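First comes the structure, then the notes that go with it.
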Amino acid sequence: MQTLSRFGRVPLIIVSLSVSTLAWMGIGIAGCFSGTISAWYTGITLVTVIAACGIGAWPASYAVGGEASSLRLRAKSQGLGWFVSGFSSVVSNLILPYIFNSDQGTLRGKTGFVCAGFSAIALVGTWLYVPEMKDWTPSEIDDMFEAVVPARQFRKWSPLTADPLSSDRSPQA
C-alpha cells in the first residue's frame, strides 16, 4: 500500500501492465524457439510478470474497486466487479490449459501472445476508463462522478462550491 499512496493507482497499473505486456510478448517470442535457453527465459520472465503485477496492478485493483463508485452504489458495484473478475478467471483457467498443452492447441510458450493481447487490452482500458483518485476524499470522488468528470480529468478537477461535506482542497498537479 505504500506504493499506492506515493505514486497513485493509475500510474502503477499502467507501468505494471506495460511491463507485463512486454514480458508476455517475450514469452511468446521465446515460445517460437525450442531449447534450454527458451525454457529458462520463460521461467524467469514469468517471475518478472508476477513481481511487476504484484507491486502494481494487483494491489491497485483493490483500491480502485473500493473507490471507483459512488457511496450509494459501492456494494453493488464491487459485487458486480468481483463477479466479473471471478467469472473471467474461471473461463481463462478452463481454456488456457487446452490452448497450451501439446495434446490440444499445442501453443505452449506461444500462449504468451494470448496473454500479451489481454494485458494490452487491460492497459488501454485502464488508460481510458480508470480515473486517478489519489488524494481525494470519498465525498470529492462522489462529486466528480456526479459532475460526470472524464477519467483523464480527475487530477485537474477542483471543487467549485464550498460543500460542507467535502473538503475544499484539491491535489497538487
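The values are calculated or read from the model by the stated rules, or taken from the named source; none is laboratory data. Computed from a predicted model, the values in this text were never measured in an experiment. Quick reminder, even Gly has a Cβ in these numbers, built from the backbone with ideal geometry, and neighbours come from all protein chains shown.
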Notebook entry, point to check: Out of the range 125-145, which residues are of a type in the set (A, V, I, L, M) and either over 12 Å from the mean Cα position of the chain (by Cα) or loosely packed, with under 13 Cβ neighbours inside 10 Å (or both)?
Noted result: Leu128, Met133, Ile141, Met144
Next item on the list: Just name the residue that is modelled with the highest pLDDT out of those in the range 146-165 that are out of contact with any Pro (no Cβ under 6 Å at 6 or more places or on another chain), within 22 Å of Ile13 (Cα to Cα) and surrounded by 15 or more Cβ atoms within 10 Å (Cβ to Cβ).
Entry: Val149
Next item on the list: Starting from the range 1-26, keep only residues that are touching a residue at least 24 places away in the same chain (Cβ under 8 Å) and of a type in the set (D, E, K, R), then list their pairs with residues that are part of a helix (DSSP H, G or I) and surrounded by 16 or more Cβ atoms within 10 Å (Cβ to Cβ) whose Cβ atoms are within a distance under 7 Å, requiring at least 6 positions of separation or different chains.
Entry: Arg9/Ala60; Arg9/Ala63; Arg9/Val64
Next item on the list: Six or more apart or on different chains, Cβ under 6 Å: which pairs go from a residue in the range 118-129 that's within 10 Å of Leu17 (Cα to Cα) and modelled with pLDDT of 95 or more to one that's small (Gly, Ala, Ser) and surrounded by 16 or more Cβ atoms within 10 Å (Cβ to Cβ)? Could you list them?
Entry: Ser119/Ser20
Notebook entry, point to check: Which ones in the range 27-38 are touching a residue at least 40 places away in the same chain (Cβ under 8 Å) and in a helix (DSSP H, G or I)?
Noted result: Ile27, Gly28, Ile29, Ala30, Ser38
Next item on the list: Examine the range 75-91 for a residue that is in contact with a Ser or Thr (Cβ under 7 Å, 6 or more places away or on another chain), in a loop (DSSP other than H, G, I, E, B) and surrounded by 11 or more Cβ atoms within 10 Å (Cβ to Cβ), and state whether such a residue exists.
Entry: no
Notebook entry, point to check: Given the conditions (1) without any contact (Cβ under 8 Å) to a residue 24 or more places away in the chain; (2) under 15 Å from the mean Cα position of the chain (by Cα); (3) crowded, with 17+ Cβ neighbours inside 10 Å, and given that Tyr41 satisfies all but one, which numbered condition is not satisfied?
Noted result: (2)
